[in-house]
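The values are calculated or read from the model by the stated rules, or taken from the named source; none is laboratory data. As the structure is a computational prediction, the values presented were derived from the model and not from experiment. Here Cβ is always computed from backbone atoms with ideal geometry, including for glycine, and neighbour counts include all displayed protein chains. The protein model used for the area step is the full one, side chains on, heavy atoms only, and it has no ligands, DNA or RNA in it. Shrake-Rupley method; radii C 1.70, N 1.55, O 1.52, S 1.80 Å.
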Amino acid sequence: MDYLLSEQQIFIRDTAREIAQKKILPVRAELDEQEEFPWDIIKELAAADLFAIFVPEAYGGLDAGILDVCLAMEEISKACGGVAVSYASSALGAFPILLYGSEEQKQKYLPDIASGKKLAAFGLTEAGAGSDASGIQTTALPDGDHYVLNGTKQWITNGGEAEIYTVIAMTNKARGIRGASALIVEKGTPGFSFGKKEKKLGIRSSSTRELIFEDCRIPKENLIGKEGQGFLAAMKTLDKSRPGIGAQALGIAQGAYEEALRYSRERVQFGKPISSFQAIQHMLADMATKIEAARALIYSVARYMDTNPKDMSVESAMAKLYASDIAMEVTVDAVQIMGGYGYMREYPTEKYMRDAKITQIYEGTNQIQRNVIALGLIKRSAGKGK
Amino acid sequence: MKIVVCVKQVPDTINVRINEKTGTMEREGVPTMVNPYDLYAVEEALRVKEQHGGEVMVLSMGPPQVQDALREVISMGVDDARLLCDREFAGADTLATSYTLARGFARIGEYDLIYCGKPAIDGDTAQVGPELAEHLNLPFIGFVRKIREVRPGFICAERMTDDGGEVVESSLPAVVSVVKEINEPRLPSLRGKMKAKSFEAVTWSAADLEVDRERIGLKGSPTWVVRSFTPEPRGGGEILAGGDSAEIASKLAEKIRELGVCS
């Protein structure tokens, strides 16, 4: 399918594809096995200007849009979902600064993120605050020119590897989620440490750690936006990032499908390639149809979001929800087509299946996505009735 | 520092065709690429720029289609390029080529370091680099597999030799030709691709370079290709199979003795 991409978008897609195929594919199994953070590849992505695409030109970026990020994510994920999320999390960490940051904060942090010199990360989730962000316990209490952070963030992607963290903490607990604020914390700040690296089912080359704050003092100028805007900043950040996770799921599904298709044409049983059997053909047809539907949805939502609509939570959630659900289905079927070979770690298919699962969970579980979609639609319907 | 890299456009290796009449390579209408060895030279030059600042320029000689090759290296981060392009340059052997390139360097004027790929994969002579150094009266370091240190006025490089290596120091400017062991060339960047999109190298003709017309192109080439052919493949070897490793080893020893290679 021709999605009528711009010349710049084709450059971005091809650049990401070249790195994915030449640099990531040969090492992905080892990265997965060793659970090793892919610094060499992060450097390649940085040198190719791929971290610049989500940052405005004024701060050293290329001022591309959500669709451009999705194209890069799809290509990287086709090779390795773990590398892809390490890349995407830097965008996720940068979004609160991009959306609500002051001019000084943008000048200070964005150029290093755009050049890939520093990675960013986003700290929202806690042990008791997953889908329910109002359960946040981490506090940032004002003390003179500083906020004093206390608490623990859980499962933070790029934790320990990133230099710049945007963290959601309560500056006024009495106000509930309206008392949450977004703050920038730099690695190396006294009182800021990391928990152990988590062991995961999939995306194992990515780094997932706790962020631990113990009387960590950060200057007041590190507050993003105003006090109390933290929850809004988090929700708007996730609105912007969800299509990227959709694109990650899409790339994973595409990669698994291509493995299964190739295998089915080579694998001979009952004297014929198994691709000649209708049972396999129908599976492949369903997989390819779902993938193309997900791609069409993600690209159109991303294009729509690049027009800066006021409210795009519903569409953004749809893109993530649909693509991640079909990625799980497609990768399970890819393993099934390959049978015992698909189950073996010698082939990449089982990794696609393990990597796919997280896309239904993070950036809001798919159950939460359905809440977002339904509530948004009901709100729109009620708004029209006025 | 200003580093200039000599780059050649060569036929894509999968598609080499020889003109049976002339014995030379068909260059028209075949897919082309940047000589892979020259990409190692470009990468090394970009690293010097990253370390010391300055500029990387690429110099090439060839028909107008070489602009495609120049755009490719521009997308890797090269700052600028010059193309020596004139019908009179055509048919040059390595001597005429290196003379013409040397005139190009005279026109460029100031530079600190010249990198070349050791050979071009089409002609595979590895002569242009050292000849260029002769024309320019500069030191030449060939077969370089590692740059130990480079700074204004000084270079220290490891050469690859048949029996190991050599460490060579030299003043700059110098001509340095590199082997494929030296690095892994970077992939094009987005900014590079955007710059390359509209890039067109300044071209210099024979008149621009103030060349001696007797020393360029076919006329200036003392060597010419009589015939190109694919050598007969060597005869197949013999596989010693069957039995355990001790038996195979003794069979092998017997064979060696039979051949009189050693007793």
Per the list (1) at pLDDT 95 or above; (2) open to solvent by less than 50 Å² (accessible area, probe 1.4 Å); (3) aliphatic (A, V, I, L, M), residue check on residue A:64 breaks on (1)
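Please verify whether residue A:86 is open to solvent by less than 10 Å² (accessible area, probe 1.4 Å) and either over 17 Å from the mean Cα position of the chain (by Cα) or more than 16 Å from residue A:18 (Cα to Cα) (or both), treating the condition exactly as stated. Full working, then the answer.
On the way: open to solvent by less than 10 Å² (accessible area, probe 1.4 Å): yes; either over 17 Å from the mean Cα position of the chain (by Cα) or more than 16 Å from residue A:18 (Cα to Cα) (or both): yes.
Taking the combined requirement at face value, the residue satisfies it.
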Within the range A:185-200, does at least one residue satisfy the condition of being within 25 Å of residue A:370 (Cα to Cα), modelled with pLDDT under 95 and either in a helix (DSSP H, G or I) or of a type in the set (Lys, Arg) (or both)?
no
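Which count do you get for residues in the range B:165-179 that are over 19 Å from the mean Cα position of the chain (by Cα) and part of a strand (DSSP E or B)?
Of all residues in the range B:165-179, those over 19 Å from the mean Cα position of the chain (by Cα) come to B:165-172.
If we keep only those that are part of a strand (DSSP E or B) as well, we get B:165-171.
Count: 7.
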Can you name the residue in the range A:94-115 that is open to solvent by 10 Å² or more (accessible area, probe 1.4 Å) and of a type in the set (Gly, Ala, Ser) and is also farthest from residue A:209 (Cα to Cα) among such residues?
A:102
Is there a residue being farther than 27 Å from residue A:332 by Cβ, in contact with a helix residue (DSSP H, G or I) (Cβ under 9 Å, 6 or more places away or on another chain) and either open to solvent by 60 Å² or more (accessible area, probe 1.4 Å) or of a type outside the set (D, E, K, R) (or both) anywhere in the range A:236-255?
yes
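Just need a number here: residues in the range A:288-314 that are in contact (Cβ under 8 Å) with a residue 12 or more places away in the chain and either in a helix (DSSP H, G or I) or aliphatic (A, V, I, L, M) (or both). Let's see the steps before the verdict.
Of the range A:288-314, the ones in contact (Cβ under 8 Å) with a residue 12 or more places away in the chain are A:288, A:290-299, A:301-303, A:305-306, A:311-314.
Subset that is either in a helix (DSSP H, G or I) or aliphatic (A, V, I, L, M) (or both): A:288, A:290-299, A:301-303, A:305, A:312-314.
Looking only at that region, the number is 18.
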Matching entry among A:279, A:285, A:317, A:334 (being in a helix (DSSP H, G or I) and under 16 Å from the mean Cα position of the chain (by Cα))
A:317
Tell me whether the range B:58-69 contains one or more residues that are closer than 15 Å to residue B:202 by Cα, touching a Lys or Arg at 6+ places or on another chain (Cβ under 7 Å), hydrophobic (A, V, I, L, M, F, W, C) and crowded, with 22+ Cβ neighbours inside 10 Å.
yes
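Yes/no per residue for (1) of a type in the set (Ser, Thr, Tyr); (2) within 14 Å of chain B (Cβ to nearest Cβ); (3) closer than 26 Å to residue A:124 by Cα:
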residue: A:21; (1), (2), (3): no, yes, no
residue: A:24; (1), (2), (3): no, yes, no
residue: A:35; (1), (2), (3): no, no, yes
residue: A:38; (1), (2), (3): no, no, yes
residue: A:47; (1), (2), (3): no, yes, no
residue: A:55; (1), (2), (3): no, yes, yes
residue: A:76; (1), (2), (3): no, yes, yes
residue: A:88; (1), (2), (3): no, no, yes
residue: A:95; (1), (2), (3): no, no, yes
Filter the range A:344-386 down to the residues that are part of a helix (DSSP H, G or I), out of contact with any helix residue (DSSP H, G or I) (no Cβ under 6 Å at 6 or more places or on another chain) and among the polar types (S, T, N, Q), then identify the one that is most open to solvent (accessible area, probe 1.4 Å).
A:367
For the condition among the basic types (Lys, Arg), closer than 15 Å to residue A:234 by Cβ, under 22 Å from the mean Cα position of the chain (by Cα) and not assigned by TED's automatic domain parsing to the domain that holds residue A:53, what is the one hit in A:199, A:153?
A:153
Quick count over the range B:106-164, residues being assigned to a strand (DSSP E or B), more than 14 Å from residue B:6 (Cβ to Cβ) and in contact with a Leu (Cβ under 8 Å, 6 or more places away or on another chain), is 3
Where a residue in the range A:185-204 is open to solvent by 30 Å² or more (accessible area, probe 1.4 Å) and its partner, wherever it lies, is among the hydroxyl-bearing types (Ser, Thr, Tyr) and outside any loop (DSSP other than H, G, I, E, B), with Cβ under 8 Å and at least six apart:
A:186/A:165; A:187/A:165; A:197/A:208; A:198/A:208; A:200/A:208
How about the range B:186-217: which of its residues are within 14 Å of chain A (Cβ to nearest Cβ), part of a loop (DSSP other than H, G, I, E, B), open to solvent by 20 Å² or more (accessible area, probe 1.4 Å) and not hydrophobic (A, V, I, L, M, F, W, C)?
B:186, B:188, B:198
Would you confirm whether or not the range A:264-281 contains a residue that is surrounded by 19 or more Cβ atoms within 10 Å (Cβ to Cβ), over 30 Å from residue A:98 (Cβ atoms) and free of Cβ contacts under 8 Å to residues at least 60 places away in the same chain?
yes
